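The values are calculated or read from the model by the stated rules, or taken from the named source; none is laboratory data. A quick note: this is a predicted structure, and the numbers were derived from the prediction, not measured. A quick note on method: Cβ atoms are made from the backbone with ideal geometry, for glycine too, and the neighbour counts reach across all protein chains shown. In case anyone asks, the SASA skips ligands and DNA or RNA and just uses the protein heavy atoms, side chains included. Shrake-Rupley method; radii C 1.70, N 1.55, O 1.52, S 1.80 Å.
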Amino acid sequence: MTTNPANQELNTPVPEHGEPEGVEPGQGQPVKGQPVKGQPVKGQPEEGLPEEGQREQGGILLPIPDPQESARLLGQSAGFRSGFVALIGRPNVGKSTLLNQLVGTKVAITSPVAQTTRNRLRAILTTPTAQLVLLDTPGIHKPHHLLGERLVQSARGAIGEVDLVLLLVDGSQPAGRGDGFIVELLARSPVPVHVALNKQDLVNPDQRLELRETYQQLLAGEGDRPALNWPLHPVSALTGEGSNALVETLAAQLPEGPYLYPPDAVSDQPEQLLMAELIREQVLSHTREEVPHSVAVQIDRVVDDGPRTAVLATVLVERSSQKGILIGKGGRMLRTIGQGARLQMEKVFSGPVYLELFVKVVPGWRRSAARLAELGYRGD
């Protein structure tokens with residue numbers, strides 16, 4: 001095993017999270033569809049049906065919650081909307097980049113390498129009128145090993161668990177067969193679908209209409225399938241073009257409901273998972289050939305000693321040759337990867353980091369069900 005001796009800076013601990021601001025101790029976080037309970041009416045209920053404005057529970061008459069009063073107690077206005085939106089698309093169309101753009105901070109790793117996203121994570125976007133829980137999913141592709149099968153299974157599974165689906169396509173290119181496969185998949189789902197034509201910053205204004213028409217033709221009726229009336233939204237995940245209008249449109253179609261997460265939350269991703277992903281992002285950025293898709297990262301230990309946090313992590317590869325590429329001559333590549341990951345961790349966790357990396361060869365880990373489960377790739 002090889003260590004990274006260059007990363008000698010240490011990181012301040014992540015503050016512990018108590019009750020969310022604006023929620024009384026003991027209340028916990030609001031749950032979608034859960035009403036705010038009133039106080040029991042003292043005394044025994046009279047026989048017969050409950051009076052107007054009351055409901056019966058366990059032999060006790062309770063006042064029926066007033067929607068406006070419930071909203072006031074939760075710190076939100078009447079008509080507040082909340083729900084889940086899945087980002088679906090082919091690999092490398094910019095789902096993670098758009099997710100970070102919408103939320104306004106880094107919650108998902110990005111890379112020019114296809115199939116960067118492996119874990120289905122939730123990013124939380126809260127506006128004055130709505131809370132959108134955005135699910136970033138792995139790109140839908142033809143799998144070549146068990147890991148690939150589980151990634152596609154995870155993406156498909158998200159479709160039936162959300163209120164809306166946002167199909168993200170590369171709007172700088174004409175619609176292709178991969179896009180058509182996903183359209184046919186989504187056409188069988190009862191969930192409403194919107195289409196984001198991403199990468200508009202790469203499109204000549206004179207070509208936008210022509211490219212848009214290829215996606216309109218893709219949604220036209222074909223065989224037994226009727227035409228799909230899915231709205232098209234030109235956006236740029238890189239520059240933010242069209243992002244505000246997209247959020248407003250999606251939010252307006254969500255059901256009315258309370259906060260699903262505290263208003264200041266941006267992700268439900270465990271900190272150790274984010275640490276591992278930030279390390280893997282640097283591997284994707286600095287290595288080529290066969291290395292990126294053969295790499296996984298596990299966090300072995302996190303030590304919080306007050307003014308700093310020390311992170312020990314292992315990078316898994318499948319072959320000795322990949323290990324040599326990752327370490328580099330004199331340990332230079334591993335040092336570069338560690339330094340880049342450390343700097344990203346400092347930005348995300350707001351403090352200095354000590355990061356020590358090891359490299360371990362685990363032959364065929366992408367085809368091992370036990371190893372995939374250990375690394376968190378279960379496909380659910």
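Right, L254: closer than 26 Å to L99 by Cβ, open to solvent by less than 30 Å² (accessible area, probe 1.4 Å), modelled with pLDDT of 95 or more and not in a helix (DSSP H, G or I) or not? Let's see the steps before the verdict.
On the way: closer than 26 Å to L99 by Cβ: yes; open to solvent by less than 30 Å² (accessible area, probe 1.4 Å): yes; modelled with pLDDT of 95 or more: yes; not in a helix (DSSP H, G or I): yes.
Answer is yes for this residue.
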Open item on the list: If I ask for residues that are in contact (Cβ under 8 Å) with a residue 40 or more places away in the chain and assigned to a helix (DSSP H, G or I), which ones from the stretch 178-202 would you list?
Closed with: G178, D179, F181, I182, V183, E184, L185, L186, A187, Q200, D201
- [ ] Return only the number of the condition from (1) assigned to a helix (DSSP H, G or I); (2) open to solvent by 30 Å² or more (accessible area, probe 1.4 Å) that T239 does not satisfy.
- [x] (1)
Task: Test: A227 is at negative phi, open to solvent by less than 20 Å² (accessible area, probe 1.4 Å), assigned to a loop (DSSP other than H, G, I, E, B) and in contact with a Gly (Cβ under 9 Å, 6 or more places away or on another chain) - done: no
Task: Among (1) touching a residue at least 12 places away in the same chain (Cβ under 8 Å); (2) surrounded by 15 or more Cβ atoms within 10 Å (Cβ to Cβ), the one test that E222 misses - done: (1)
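Based on this model, can you work out whether V195 counts as buried (at least 16 other Cβ atoms within 10 Å of the Cβ), of a type in the set (V, I, T), in contact with a Phe, Trp or Tyr (Cβ under 9 Å, 6 or more places away or on another chain) and at pLDDT 95 or above?
On the way: buried (at least 16 other Cβ atoms within 10 Å of the Cβ): yes; of a type in the set (V, I, T): yes; in contact with a Phe, Trp or Tyr (Cβ under 9 Å, 6 or more places away or on another chain): yes; at pLDDT 95 or above: yes.
It is true that V195 is buried (at least 16 other Cβ atoms within 10 Å of the Cβ), of a type in the set (V, I, T), in contact with a Phe, Trp or Tyr (Cβ under 9 Å, 6 or more places away or on another chain) and at pLDDT 95 or above.
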